[in-house]
Amino acid sequence: MTIQDSFVLAWRTVKGNKLRTGITVAIIAFGIMALIGIITAISAMNQSLKENFSFMGANAFSIRYKEMNARMGGGPNEGRDDFGKSKKSQKEKKSNLDKPIRLEESTYFKNHYGFNRAQVSIYKRSTGNNEIHYKDKKTNPQITLWGGDENYIAVNGYQLDLGRSLNNVDMQSGRNVCVIGSNVASKLFLNRPEKCIDKIILLQGKPYRVIGLLKSKGSSAMMRQDDIVFTSLKNVRQYENSSPSYQLGIMVNNVTELEPAIDEASEQMRKARRLIPSETDNFVIDKSDKFADLFIGLLAGISGAAGAIGMITLIGAAIGLMNIMLVAVSERTREVGLIKAIGGKKKDVRRQFLFESILISILGAIFGIILGVLVGNIFSLVLNTGFVVPWLWVVIGIVICSVVGLVAGIYPAMKAAALNPIDALRYE
């Protein structure tokens, strides 16, 4: 009996026992669906995080004055010395991190930083809970007001959709003109956001003329990048609740220039802050994907948990498959005896049962992968990302199921091959 004959017989047996095959395939499919579904959902979340947290371009970075308080994980004693004192607190005290970056220091940096025609922007954050009004319409109280210079839009990864950006007259006079984000325009002007140009909106009770509309950049629950109003630095300084520190954004021409640009920016910022060699930096440099990498690292742990859940389910499926194959051996004892009586060898019987086990397992993998990808991509619809297929895990799923089918089928196949043909033919 050739390998092809064994495979054909195995396939006929699998098709002939539809109920048994269907139940076994369903057990395996649900295990793979859980694994692939979670991995697909996490891939969609990774993609969304990369898009939403890259609030500057991939070739940009920012300089601020103090460590952000975002902290994930870690036990109660993390970051403490032998005396129980916080190492972070000691570092902040030593480097004076709470000293704001002044406008003079920012201007010095912008005038003296000359890395390969890199663009530098000085900007400042006002409040993040503004409610913008236009006639009888208003936004949610979550709009952030930013003051910046002529490079703010480009350095922070925005693009103008309509109108113009701020010019030198706007910067020097500090007059009440602004560029608004797409969410602001959608809220105030409903289905016709293009009508916002030259309209007068109210921000904290003060009238502002809209001169530009930004293209949508995408938002998430943590980074509302389209909920902004942008005006000049001089204008935003009139608000008492503005941030006491200025920020700097730097955009280089190419991603490959990012690291040397950061090194030079650090050196130039130390000069602007008048730090001596023995003093540590009292500013922080952030790359745009810092927070995306942080959260993606957390999602990697979830991927591991998903893998464990999927493997536990597959172990159960393997036990169920082995049990069903053992039942099949008992039911087909006379068939095995007949195969041996007409010249079939032990290896032919063993091969046929192994093929059956592997075929059932692979069918379960195929259905499980399809269901897992469809279920996982529900997150893609929610997060507005593209259709995600984790091809690596698809291949891993097929390989795992093949191994499961092989392992689950070895003992039943060996038991069937060891049957005595005379006893098998007389079996009732």
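The values are calculated or read from the model by the stated rules, or taken from the named source; none is laboratory data. Here the structure is a predicted model, which is why all the values come from computation and not from measurement. Note that each Cβ is placed from the backbone with ideal geometry, even for glycine, and that neighbours are counted across all protein chains shown.
The figures follow:
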{"item": "Residue within region 230-237 that is outside any helix (DSSP H, G or I), assigned by TED's automatic domain parsing to the domain that holds ASN156 and surrounded by fewer than 17 Cβ atoms within 10 Å (Cβ to Cβ) present", "result": "yes"}
{"item": "Failed condition for GLY343, given (1) exposed (fewer than 15 other Cβ atoms within 10 Å of the Cβ); (2) modelled with pLDDT of 75 or more; (3) of a type in the set (Gly, Ala, Ser)", "result": "(2)"}
{"item": "Those residues of region 238-256 which are surrounded by 15 or more Cβ atoms within 10 Å (Cβ to Cβ) and either touching a Phe, Trp or Tyr at 6+ places or on another chain (Cβ under 6 Å) or closer than 17 Å to GLY114 by Cβ (or both), in sequence order", "result": "SER245, GLN247, LEU248, GLY249, ILE250, MET251, VAL252"}
{"item": "Single unsatisfied condition, PHE367 versus (1) within 10 Å of THR40 (Cα to Cα); (2) in a helix (DSSP H, G or I); (3) of a type in the set (Phe, Trp, Tyr)", "result": "(1)"}
{"item": "Extreme residue, surrounded by the fewest Cβ atoms within 10 Å (Cβ to Cβ), among residues of region 159-196 that are of a type in the set (Lys, Arg) and free of Cβ contacts under 8 Å to residues at least 24 places away in the same chain", "result": "ARG192"}
{"item": "Residue match in region 122-143 (condition: touching a Ser or Thr at 6+ places or on another chain (Cβ under 7 Å), assigned by TED's automatic domain parsing to the domain that holds ASN254, of a type in the set (Asp, Glu) and over 27 Å from VAL255 (Cα atoms))", "result": "yes"}
{"item": "Residue within region 117-129 that is charged (D, E, K, R), farther than 20 Å from SER242 by Cβ and touching a residue at least 40 places away in the same chain (Cβ under 8 Å) present", "result": "yes"}
{"item": "Tally, over region 108-121, of residues that are crowded, with 18+ Cβ neighbours inside 10 Å and either part of a loop (DSSP other than H, G, I, E, B) or outside the structural domain of SER242 (by TED's automatic domain parsing) (or both)", "result": "2"}
{"item": "Odd one out for ALA318 among (1) modelled with pLDDT under 70; (2) of a type outside the set (Asp, Glu); (3) more than 19 Å from PHE61 (Cβ to Cβ)", "result": "(1)"}
{"item": "Residue in region 132-150 that is in contact with a Gly (Cβ under 6 Å, 6 or more places away or on another chain), under 30 Å from ILE262 (Cβ atoms) and buried (at least 16 other Cβ atoms within 10 Å of the Cβ) present", "result": "yes"}
{"item": "The one condition in (1) at pLDDT below 70; (2) over 30 Å from MET269 (Cβ atoms) that PHE291 fails to fulfil", "result": "(2)"}
{"item": "Hits in region 246-273 (condition: at pLDDT 90 or above and closer than 23 Å to LEU166 by Cβ)", "result": "TYR246, GLN247, LEU248, GLY249, ILE250"}
{"item": "From VAL184, VAL155, residue being of a type in the set (Val, Ile, Thr), within 28 Å of the chain's Cα centre (by Cα), in the same structural domain as GLN238 (by TED's automatic domain parsing) and more than 23 Å from VAL252 (Cα to Cα)", "result": "VAL184"}
{"item": "Test for PHE379: is it assigned by TED's automatic domain parsing to the domain that holds ALA41 and more than 22 Å from ILE27 (Cα to Cα)", "result": "yes"}
{"item": "Extreme residue, farthest from LEU381 (Cα to Cα), among residues of region 1-37 that are in a helix (DSSP H, G or I) and among the hydroxyl-bearing types (Ser, Thr, Tyr)", "result": "SER6"}
